[in-house]
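Structure first, commentary second.
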Amino acid sequence: MSARFPDFRLGKVLATSFTATLTERCGNAVERIPAPNRLVDWLAVSGLAVESCTTAQLERARELRESIHAAATAAARRDPLPASAVQVINDCSTQGRAAAVLTPEGNRRWRLSSASSVEDALGVIAADAISIITGERDGKLALCASPTCQAAFFDTSQSRTRRWCDMNTCGNRQKKARFNANKHESPGSAKQSGRGGLSSG
């Protein structure tokens, strides 16, 4: 019987979708790639299929993930980029040997140098991170407004005013919290109806 893993939070932007493999960083953190085979699963659904992953490759992937998170957070805040994060991103980008290929449907796919090359996949993710951090892509980096999340995400909305990394999770949670807070502040009908006590049957 296989272990139950937390679901992935997949987005349209590869680099920030990758950083979302660790969520609730400022609350009770949820690790979504706790084992090498789970990284293999994430890479497969992200169009970067590999055959296998070692523990060392998983550790390198997490190091890249945290470096992208640190650099993207700094960029969103307009702070200087952490030198150590920049180094890891650059190292992963230059070590990867993946090639972009065009599909007959007009889409871009990545061809890795070998079916088991996690390093190639990490190179693609690092290059994607570089493109959003440097402002080459149409959009802007922002930080999730959820106090327990604060993930960096790439806002491509027309107004560039998105507040949540994911409306279905962080956005809904905050809306529910606001609704409950408002409900407690307003006089409750249950209190008023309960003044007369219980009636006898």
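All but one of (1) open to solvent by 60 Å² or more (accessible area, probe 1.4 Å); (2) in a helix (DSSP H, G or I); (3) under 21 Å from ALA145 (Cβ atoms) hold for SER17; state the number of the condition that does not hold.
(1)
For segment 47-63, how many residues are under 26 Å from ALA76 (Cα atoms) and modelled with pLDDT under 95? It would help to see each step written out before you state the result.
Restricting attention to segment 47-63, the residues satisfying the condition of being under 26 Å from ALA76 (Cα atoms) are 59-63.
In the following step, the residues that additionally are modelled with pLDDT under 95 were identified as none.
Qualifying residue count, segment 47-63: 0.
Pick from ALA126, ALA142, ALA121, ALA152: which is touching a Lys or Arg at 6+ places or on another chain (Cβ under 7 Å) and surrounded by 12 or more Cβ atoms within 10 Å (Cβ to Cβ)?
Step by step, each of ALA126, ALA142, ALA121, ALA152 is checked, and only ALA142 is touching a Lys or Arg at 6+ places or on another chain (Cβ under 7 Å) and surrounded by 12 or more Cβ atoms within 10 Å (Cβ to Cβ).
Is there a residue being at negative phi, without any contact (Cβ under 8 Å) to a residue 24 or more places away in the chain and among the charged types (D, E, K, R) anywhere in segment 67-86?
Checking segment 67-86: at least one residue is at negative phi, without any contact (Cβ under 8 Å) to a residue 24 or more places away in the chain and among the charged types (D, E, K, R).
Return the only residue of ARG137, ARG108, ARG97 being more than 16 Å from ALA70 (Cα to Cα), within 19 Å of the chain's Cα centre (by Cα) and not acidic (Asp, Glu). Even if it seems obvious, please write down each step before you answer.
Details: ARG108 fails: within 19 Å of the chain's Cα centre (by Cα); ARG97 fails: within 19 Å of the chain's Cα centre (by Cα).
So the residue among ARG137, ARG108, ARG97 that is more than 16 Å from ALA70 (Cα to Cα), within 19 Å of the chain's Cα centre (by Cα) and not acidic (Asp, Glu) is ARG137.
The values are calculated or read from the model by the stated rules, or taken from the named source; none is laboratory data. From a predicted model like this one, the values you see are computed outputs, not experimental measurements. No Cβ is skipped: glycine too gets one built from the backbone with ideal geometry, and neighbour counts run over all protein chains shown. The area values use the complete protein model at the heavy-atom level, side chains included, leaving out ligands, DNA and RNA. Shrake-Rupley method; radii C 1.70, N 1.55, O 1.52, S 1.80 Å.
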